[in-house]
1. In nanometres, what is the gap between the two model label sites at residue 505 and residue 32, each 7 Å from Cα along Cα-to-Cβ?
2. If packing is taken as the average count of other Cβ atoms within 10 Å, what order do 426-439, 213-226 fall into, highest mean first?
3. Please list the radius of gyration and Dmax for the range 122-237, considering alpha-carbon atoms only, with Å as the unit.
4. Could you calculate the contour length gain from residue 237 to residue 167, that is, 0.36 nm times the residue separation minus the distance between their Cα atoms, to one decimal place in nm?
5. Can you list, bin by bin at 10 Å, the percent of alpha carbon pairs in the range 422-473, starting at 0?
6. Order these peptides, 583-594, 267-278, by their mean beta-carbon neighbour count within 10 angstrom, highest first.
7. Tell me what the chain gives for mean residue ellipticity at 222 nm when only DSSP H runs of n ≥ 4 count, each as -39,500 (n - 2.57), the sum divided by the residue total, rounded to 500 deg cm²/dmol.
8. Could you give the radius of gyration (one decimal) and Dmax (whole number) of the Cα atoms in the range 347-396, in Å?
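Taken together, the values in this text are just the output of simple stated rules run on the coordinates, not laboratory data. Everything quoted here is computed from the prediction, not taken from an experiment. Counting neighbours? That spans all protein chains shown, and the Cβs are built from the backbone with ideal geometry, glycine included.
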Amino acid sequence: MFSRCRSGAVAPVDFAPSPFMPILAPEQVKSNYDVIVVGSGAAGGQTAYTLTMEGAKVLMLEAGRDYDPVKETPMFQINSQAPLRGIATPEKPWGFYDATVDGGWTVPGEPFTNASSKRTEQFTWWRSRMLGGRTNHWGRIALRNGPYDFKSHSRDGHGFDWPIGYEDVAPYYDKVEMLIGVYGSTNSLENTPDSSPGVLLPPPKPRAGELLAQRRAKTLGLPVISIRRAVLSARQDAVGVPKKLHPNNPKAQRVLAEAMRSRAACFWATDCGRGCSIKANYQSTTVHLPPALATGNLDLVTNAMAREVILDASGRATGIVYIDRLTGSEHRVSARVVVLAASSCETVRLLLNSKSPRFPQGLANSSGLVGKYIMDTVGAGLGGQVPLLENLPLHNEDGAGGAHVYVPWWLYREQHAGKLDFARGYHIEFGTGRGMPGMYTGAGMEWLTGGSYGTKFKEDARRYYGSFVSFGGRGEMIPNENCFCELDPTVKDKWGIPVLRFHWKWSSHELRQAAHQQRTFAAILEAMGGKIQTPPAEDPATILRPGGNVKHEVGGARMGDDPKNSVTNSFGQTWDVKNLFLTDGAPFCSNADKNPTLTIMALAWRASDYLLDELRKGNL
Ligand SMILES: Cc1cc2nc3c(=O)[nH]c(=O)nc-3n(C[C@H](O)[C@H](O)[C@H](O)COP(=O)(O)OP(=O)(O)OC[C@H]3O[C@@H](n4cnc5c(N)ncnc54)[C@H](O)[C@@H]3O)c2cc1C
Ligand code: SF4
C-alpha cells in the first residue's frame, strides 16, 4: 500500500511479492484499497496498468462478464460456419463473430432514452458489457490529436480550449504507443503529429485499391498516408520498451517484458473485430490487464455494476456501491481514491446518480456542467465501383482489420482563412479489397450488371469482386448546448438505477461538413475512374449518421482551469471532490476528427501519474 507521507517526500514503492490475483467473488474483496477503478476498457485498463505497475493496490469493478480473448476468439472460423453466414442480426448488429458478447446498440434490461423522437435528434449508444469493454472489438485506429486540437477555440472562436496543450500530452502518446504497439509512418503534416523516433512499428503495404486511391487523390491535393493502428506489425522490443516506460522500476520492467513476449506479430489474415487470440492487436484484456494482474496489485470483480460513489461527512469519496449482476445483491467497497472510467456517458450517469445533501444535483456538479456538451464524430459515407480494379489477378488482401491508409485533414489553411463554410475538419477512412466472402458478396450489383443469372452472374461476381470502394468521413463536431444527457425522471434499469436521457442536435457546421465530405468522396471516386452508386445527398441531414452512431462519444464533464466552468482540472481530478478522478473521455473539451481512444489512454496515463504523485505526497 502507499503510505501517507505528510512531509511531501516520495514514499517507497511497495513491491513485496503477492500472488497472482484472479477474478474475485464479492466476499473476497479486501476492506480497503489505494484506488477503486470503475470500468476495464481503454480508460480503466490504462489507469489500472499505470497505478499497479507503480505499486498502488487497485480494485477494479467491471459491470460485464469475464472475457478472455485468448480462449474465446473464434479467429479461424469462416462465415460459412456461422448461422446466416455470419450476417448482422439485432442481437449481433455487427455480425455473428463480432467480439461483443453482451451489449451492442441495446443492453437487455439497461435502456437509455431520447428526449426527442425526431431521427435527426436521436442519440444511439453502443455499450459492451464485458471485461475490456469496447476495446475487444474497436477498429484500433489510433490517431494523435495535434496542437490545434487542444486550442480550437483560440483558433476559430468556437467551442472550448483545453487547459493543456499538445506538448503536455505528447510524451504520453509516445508511452501508450510503445506499450500497446501502434504501426504508422512519419509524414511531417500540419496538425498531424509524428511520434518520437523508434516509437511506431512499420506500417503494412497498402492494398491495390488503396494504392490507386493514393495516386489519384494526389492529383486533387489530398495526402493518402499510412493509417495508425494498434496492431503489432512486428514483435515488440521486450528489452528496450519496458526500460523506457518504467525506468528505475525493475519489477515493472520484468512484468511488462514478459507480457510483451507473450504477444505475437499479426499474420494479416483474420478479422480484428472478433478480437485477437494471439494478442497482436490492442485489447485491454490482452495488453493492459495481464501485466496489471501479474504485479499482484490488481483485484478484479466482474459483473459488478457500480451504482453510486459513496461520500463521507467531509465530502471525501470513500468508495462505491455496486450491484452484483448475477445475484442482484448490493455491495460496498472502499478506497482512498475513486476513479470513474466507465466510458464517458456512463461516468456522467454515475456522477448524476450519486446525489447527496451536499451534492443535490449530482456529484462534482457544482458547475452544473455534468452531462453537458457531449460530442460524437461527424460521419458520412459514399461508395462506388472502380473498373480499373475489376478482374485483378487473385491475391491476398486480408491485411489488418480495416484500411491500411487514410487521408488526414488537409485544408487547415483554407479553413483558417475562412474559405470553407464549416469550422472543423475531417479525415477519410477507406474501404477496399477482397474481404472474406459472406452472405452479401455478389449481391446488389444490378446497378452495374442490369441483373444477371446463372453462369453470367458467376462471371459478374468474379469480375466485380474486390472492385468496390467506400469512403467514410470522420469529422470534428463542435460541442453545443443542445447536446447533453441527464437522468430520465421515470425510467430505471433492471437494477433500479435511473437511466440516461439524451438530447441531441447537430449544428449547421456539422451538416455543411458532411456535405463537403460527400463531395470530396465523389471527387476521389471520379479521379479513380470509378462510378458512384448513389450521388451525394441534396440534404446532408439525410446522410449524417445519428449522434453516438460513430461510437466516439466523449465529453459531459469537461476539464478546465476554473471550477466555475469545468468539472475537473487537467488531470481529471474533480474540483468538488479531490479524491475523485475521471479518466475516460468525459473530461474532453473538444472531439477532434482524430478517433478518441489513443487520447483517452494518454490522458489516463497522465492522470494516473499525477494521482500516484499525490498519493505519495499524502495529498489524497
Ligand atoms: C465497433 C467500434 C469501433 C471503434 N473503433 C475505434 C477506433 O478505431 N479508434 C478509436 O479511437 N475508437 C474507436 N472506438 C471507440 C472506442 O471503443 C472507445 O473510445 C473506447 O473503448 C472508450 O474507452 P472507455 O474505457 O472509456 O470505454 P469502454 O471501452 O466502453 O469501457 C467501459 C467499461 O466500463 C464498464 N462499465 C460501464 N458502466 C459501468 C458501471 N456502472 N459499473 C462498472 N463497470 C461499468 C463497461 O462494461 C466497459 O467494460 C470504436 C468503438 C466501437 C464500438
Ligand atoms: S489481423 Fe492480425 S491483429 Fe487482427 S486479429 Fe488477425 S492476427 Fe490479430
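1. In this crude spin-label approximation the distance works out to 5.0 nm.
2. Top to bottom by mean Cβ count within 10 Å: 426-439, 213-226.
3. 16.8, 46
4. Gain on stretching residue 237 to residue 167: 22.7 nm.
5. Over the range 422-473, the share of Cα pairs per 10 Å bin runs 20, 44, 20, 12, 4, 0 percent.
6. On the way: 583-594: 29.1, 267-278: 20.6.
My ranking of the peptides, most packed first, is 583-594, 267-278.
7. -6500 deg cm²/dmol
8. 24.8, 71
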